[in-house]
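Here's the structure, in structure tokens; my notes come after.
The values are calculated or read from the model by the stated rules, or taken from the named source; none is laboratory data. Keep in mind that this is a model prediction, so the values were computed, not measured. Because the Cβ atoms are built from the backbone with ideal geometry, glycine has one as well, and the counts that use them run over all protein chains shown.
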Amino acid sequence: MTETGPAEPAGCGPRLRKASDSRPLRLQVFEAVRSLGCLPRAEIARALGISAASVTAVTADLINDGFLEEGATAPPRDAARGRPPVGLAVTGRAGFVIGLKLSDETHTAILADFAGTILAEIAHPTSNLRKPPARILSELEALVAALLSQVALPLDQVAGIGIGITGLVDHHAGTVLWSPILDGRDFDLRAAARNRLGRPVFVDNDANLLTLSELWFGAGRELDDFAVVTIENGVGMGVVIDNALYRGARGTGLELGHTKVQLDGALCRCGCRGCLEAYLADYALAREAATALGHSIRAEHSPNAMLDALGAAARAGDEAAQSIFRRAGRYLAIGLSNVIQIFDPELIIVSSDRMTRDHADPEAILADVAALSPSGRHPGARVEIRPRGDFTWARGGAALALSAVTEQVLERA
Ligand SMILES: [Zn+2]
């Protein structure tokens, strides 16, 4: 178990090509160049298994339409054999997208160009109260305006906006079925944000955003199958199968937090008993902290404040506080083991700021995962526990927008 990922390769976007890709060749060529960074025409032909003549024709159109450009640095491996071949790279200014995460404490957003280069980023603090949709939309609008003002880009130059929000989200319908930061249910965030901003909007849950961030910008770019498990106020998961995000039949995401780990167990905030989340999420630990630290903390403290106090007590050697984190770690191991048995991923990325700070013993968690695997099975998935960067979600939002709008923008030209 490690706490850092490998160095990021050039370019952005998933790097493994499907064996049978029926999408337009123009899109395939553009995405090959974007994901591989910068490469000569011959390598595009090789990567896609098409003729040099086809590549020449398609890239000529893409250059003419302003999506690709010549002359960027070619890969250095031919340098010893004379002049490197001319490389092709994505023209960043061919399009722009915004990635955005709405949260209970801080909203974040980034602006990226079509090459995946981050041009601006911004964070706005917000209250952790539930808000009416109109208030959320006003905060969203202010965030986007402040982001674009950093680089003086007009909003009508933005091809798409990918928004992530905590809670239960129907990606296909664009609706938020339920969110801890939103009053009411079944809010059509996609339509409301599109009407307010006048740009195409795409909506997803925050675990899928983190997964897309790994798939487009991180360790997941060159993996067929991997999973991202997020632990914070809830326990979420995103799964990549064949180098593409798996959304399930209804597009509402994979609710690892509500898989059952105990018959008639602890009460979950979803109303069921025995959910993984009821043993592992911030609110579950805060519930235990209230008992363990009863003399030193008041019930009106926020869950975050209670968890901070619990973490400090554990680090100071408090046995009760340490046992709460140890128990949470054992439940995490059960959850990870179940993910491995069902999906057999190459890698599970556990994304949690609090885990990396307070759950002191990743080796113990990994040992528990191994002990829960049937004997005789190969060692299975690598597990990495990582803190989350402030803008990781927003990068996933940019990936969501790029994956949604690229084909339309290329066709429009
Ligand atoms: Zn539940």
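For segment 183-200, the condition of being surrounded by fewer than 20 Cβ atoms within 10 Å (Cβ to Cβ), of a type in the set (Lys, Arg) and assigned to a helix (DSSP H, G or I) holds for at least one residue.
Is there a residue being surrounded by 15 or more Cβ atoms within 10 Å (Cβ to Cβ), hydrophobic (A, V, I, L, M, F, W, C), modelled with pLDDT of 95 or more and not in a strand (DSSP E or B) anywhere in segment 156-172? Within segment 156-172, not a single residue is surrounded by 15 or more Cβ atoms within 10 Å (Cβ to Cβ), hydrophobic (A, V, I, L, M, F, W, C), modelled with pLDDT of 95 or more and not in a strand (DSSP E or B).
Residue-wise test of (1) within 14 Å of the ligand (Cβ to nearest atom); (2) charged (D, E, K, R); (3) over 23 Å from the mean Cα position of the chain (by Cα).
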site	(1), (2), (3)
Asn233	yes, no, no
Gly236	yes, no, no
Asn243	no, no, no
Tyr246	no, no, no
Glu255	yes, yes, no
Gln262	yes, no, yes
Cys268	yes, no, yes
Gly271	yes, no, yes
Gly274	yes, no, yes
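Pro345 fulfils the conditions (1) over 30 Å from Arg26 (Cα atoms); (2) out of contact with any Gly (no Cβ under 9 Å at 6 or more places or on another chain) except for a single criterion, (2). The set of residues in segment 259-275 that are surrounded by 14 or more Cβ atoms within 10 Å (Cβ to Cβ) and either on the phi > 0 side of the Ramachandran plot or of a type in the set (Val, Ile, Thr) (or both) comprises Thr259, Val261, Gly274.
Within segment 138-152, residues that are farther than 12 Å from Ile98 by Cβ sit with their Cβ atoms under 9 Å from residues that are at pLDDT below 95 and charged (D, E, K, R), at 6+ positions apart or across chains, in these pairs: Glu139/Lys131.
Out of Gly184, Gly164, one residue alone is touching a Gly at 6+ places or on another chain (Cβ under 6 Å) and in contact (Cβ under 8 Å) with a residue 40 or more places away in the chain. It is Gly164. The residues in segment 187-202 that are small (Gly, Ala, Ser) and either free of Cβ contacts under 8 Å to residues at least 24 places away in the same chain or touching a strand residue (DSSP E or B) at 6+ places or on another chain (Cβ under 7 Å) (or both) can be counted, and the count is 2.
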